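Structure first, commentary second.
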Amino acid sequence: MGDRHERGLTITGPQPGPLAAAVLAAGPPVVAAEPPVEDILGTDAASVTATPGWRPRLTVEQGVYALLIILAALTRFWDLGSRTLHHDESLHTYYSWLYTTGQGYVHDPLMHGPFLFHAVGLAYLLLGDSEVTSRLMPVLFGVALVWLPYLLRGPRFLGQWGALAASALILISPALLYQSRYLRHDMFTLTGTLLLFIAIVRYVEKPERRWLITIGITLPCLIANHEIIFGLLAVFVGMLGLALLWGRLRPITPVVIVTGAAFLASWLILPRLLGATLPDIPWENPTRDNQLTFYREFLTYPALIVSVLALIAGVAAAGLILRRRPGAPRGAVLAGDGIVPTAGDDAGDGTALTPNPALTIGSGEPVPDHAPKVGLVPSLFGSSRFGTVEAAVYHLWLDRTGFNWMIGLTIGISVVLFTSLFTNLYGLATATIATDGTLLYWLGQHDYRRGEQPWFYYLLLLPQYEFIAVLLGLAAAVVIAVRSVRVGLGRIAPGSRFFFQLFLLAWFAGILGGLSWAGEKMPWLMTHITLPATLLAAALIGELIERWWAPSRRAPGGRAWALPEWSVSAALVVVGVGWFLLAARLSYGEFVPSAAAGGWERAVSPWAAGRWWWLALPPLASLAIIGGGLLWRGARRTGLAVLLSLVVMLAGLQIHVAWRLVYEEGDVPRDMMVYTQTAPDVSRMIGELAVLSEELTGGAGLEIWYDNNQGVSWPLQWYL
């Protein structure tokens, strides 16, 4: 805090951030905008100067994050080894154990990528092998996933309240909690995908080399972990491409549309006209000859030839248009406002923007205004507005060192992992061109449809567990979609969060559509839909708090909430809990004699059947409470009270569902999330065999035979 004099202007309050400082130093005087809003939950780090005697202190916000991380560790480590290893878990832990004991590991896409086996092998090497240590790495990544939204607390992303909401919602998510205690690849991919997303949007906000290095480390680990990353990368790259088409590349939009239409026609229509059939991928035990035959037939497939020609023509046409129009108008900029419309500066962060401010690359060195403007990239994006994808592309082009680091790390880490620390050079083939490799193996199984789940499988599964993500996440998605249409029509101007939230929407819609289309649908894949839906819900919660609660709290003498608001929220929670208890009482029924198996069945009692109308009383009471709040405290405060009570009740339901799913019935198939799970009888059997072996042989010398034809080889291959 303090006063600063700059070009005749006096700025009182928090010191401007780096963007505001760049604008003030950029030449002609600019009109001073409203100073940045101070930290809602603690001291703004940017306002703390390195003065003698200054000591770092724990803010309320940091304390809340510390509490969330502690709770994440407790909920994920608690009773970790009690659940019997799943079929897939036993495969993963067994081959990790072989790798650790010096018996080697060869990449096999049947069990996805090699990252898991290296991570679990490291845990075995450090702490020994057991059911607990086999799940240690997913747990650590699950705890990290709870913390990662902290990196999105900036004003252009989730904001402070939205980031806190995201961490809390990830903490209590039943699906994410269940999978974070589960030795599969999904938790590694979820944490890595969120980190990749953070690195991209943070680089767009401020192009620093550390985010390029983060991408260079995260991306190869994701590629070496699970094939779903190819679908996620398609969504991410597609969103960045659309952002460029929205701005400086708008003149080539017709070329992109025509090229895309030609591409689709070549694959959907041309094969039918020519009677051509796409060659089958030899994904199961392929030979060298049938792999060469596949590639020969695929490379001469008419649809591929036509689509490649269309792509070449499209790139040539786009390049010609852009070179002839290097100074094409920018068009709208995807910098974006929040979900809830807001008034104020067009930048959305309290600072005025000017073309080509002093930006930074690498470790903070400034990019001078006389940076080279030679070439297509500088001529198109050299004067882009700070914080846009265009400016990020321009600075990526300038920062050759950072770009080389990113590419070098991506290639180097991929080679190390796929070759199993250079002990399996054929891993380079299974990572790329082999038909039984990381991508073609699973594409070849698309029509196999293992699991035989319908296309709406995730639409049925998700609402059973993720109540907040479904209700508030979908509400946020609808609002963002409507706002995007209005921005596209020129009705409203985008602000600081528009690009970020549209990116979240694309992530959610893209992965939901992709997994619903894919041939194999499994319950653990639902987590990849849950994560972006949860972030959307957190974005909505955070912005409603920022618009409705924080402004009143910061006003002189203002007080956002008082006893009436808390009373409305508490009353709604009490009424909601009462409704569930009443419904449970009326629907429980009584046991009566029956001819059914067991001789008894449960039926609704006459007492409950005559009082069904009682269930209408709590909703009527809720409407009365809301109506009274509207008259007493106004729409905004009452709306926030209703939101708080809704989130509290839904969070309670999620905790109830998660407790049963994770701690009570984690290896009993009574939930749709529990799929092909090994029964707890196996653990009891192994314990009894250990006792018997000790009694008969004095150790583990008892010989045990089992029949693999009955599907018991896994997990017994690990347990025995």
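The values are calculated or read from the model by the stated rules, or taken from the named source; none is laboratory data. None of these values were measured; they are calculated from a predicted model. Glycine also receives a Cβ, built like all others from the backbone with ideal geometry; neighbour counts cover every protein chain displayed. Heavy atoms of the whole protein, side chains included, go into the accessibility calculation; ligands, DNA and RNA do not. Shrake-Rupley method; radii C 1.70, N 1.55, O 1.52, S 1.80 Å.
See the values below:
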item	result
Count - residues of region 495-527 that are closer than 23 Å to PHE386 by Cβ and open to solvent by less than 10 Å² (accessible area, probe 1.4 Å)	6
Members of region 664-716 that are closer than 24 Å to TYR95 by Cβ and hydroxyl-bearing (Ser, Thr, Tyr)	TYR675, THR676, THR678, SER683, TYR706, SER713
Spans of helices (runs of 4 or more DSSP H) in region 112-195 with at least 1 residues at positive phi and free of Cβ contacts under 8 Å to residues at least 12 places away in the same chain	none
Which numbered condition GLY629 misses (of (1) of a type outside the set (A, V, I, L, M, F, W, C); (2) under 30 Å from TYR457 (Cβ atoms); (3) assigned to a helix (DSSP H, G or I))	(2)
Pick from region 196-214, criterion part of a helix (DSSP H, G or I) and of a type in the set (Lys, Arg), ranking: surrounded by the most Cβ atoms within 10 Å (Cβ to Cβ)	ARG209
Residue identified as within 30 Å of LEU653 (Cβ to Cβ) and either part of a loop (DSSP other than H, G, I, E, B) or touching a helix residue (DSSP H, G or I) at 6+ places or on another chain (Cβ under 6 Å) (or both) among ILE468, ILE413, ILE433	ILE468
Given (1) buried (at least 21 other Cβ atoms within 10 Å of the Cβ); (2) touching an Asp or Glu at 6+ places or on another chain (Cβ under 7 Å), number of the condition GLY451 does not satisfy	(1)
Search result, residues across region 84-100 that are open to solvent by 10 Å² or more (accessible area, probe 1.4 Å) and in contact with a Leu (Cβ under 6 Å, 6 or more places away or on another chain)	THR100
Failed condition for LEU148, given (1) touching a Phe, Trp or Tyr at 6+ places or on another chain (Cβ under 8 Å); (2) open to solvent by less than 20 Å² (accessible area, probe 1.4 Å)	(1)
Candidate set: region 232-261, residues that are open to solvent by less than 40 Å² (accessible area, probe 1.4 Å) and of a type in the set (Gly, Ala, Ser); chosen: the one nearest to LEU311 (Cα to Cα)	GLY260
When residues of region 406-417 are limited to those that are surrounded by 14 or more Cβ atoms within 10 Å (Cβ to Cβ) and over 25 Å from the mean Cα position of the chain (by Cα), the one farthest from LEU98 (Cα to Cα)	VAL415
Inter-residue pairs, beta-carbon under 8 Å, first within 20 Å of PHE386 (Cβ to Cβ) and touching a residue at least 40 places away in the same chain (Cβ under 8 Å) and in region 235-258, second outside any helix (DSSP H, G or I) and of a type in the set (D, E, K, R), 6+ apart	GLY247/ARG330; ARG248/ARG330
Some residue of region 490-511 being more than 20 Å from GLY162 (Cβ to Cβ), touching a residue at least 24 places away in the same chain (Cβ under 8 Å), in a helix (DSSP H, G or I) and of a type outside the set (Asp, Glu)	yes
Pick from region 667-682, criterion within 14 Å of HIS87 (Cα to Cα) and touching a Phe, Trp or Tyr at 6+ places or on another chain (Cβ under 8 Å), ranking: least open to solvent (accessible area, probe 1.4 Å)	VAL682
Total residues in region 260-289, condition without any contact (Cβ under 8 Å) to a residue 24 or more places away in the chain, outside any loop (DSSP other than H, G, I, E, B) and over 33 Å from the mean Cα position of the chain (by Cα)	4
Which listed residue, of LEU425, LEU398, LEU443, is buried (at least 18 other Cβ atoms within 10 Å of the Cβ) and hydrophobic (A, V, I, L, M, F, W, C)	LEU398
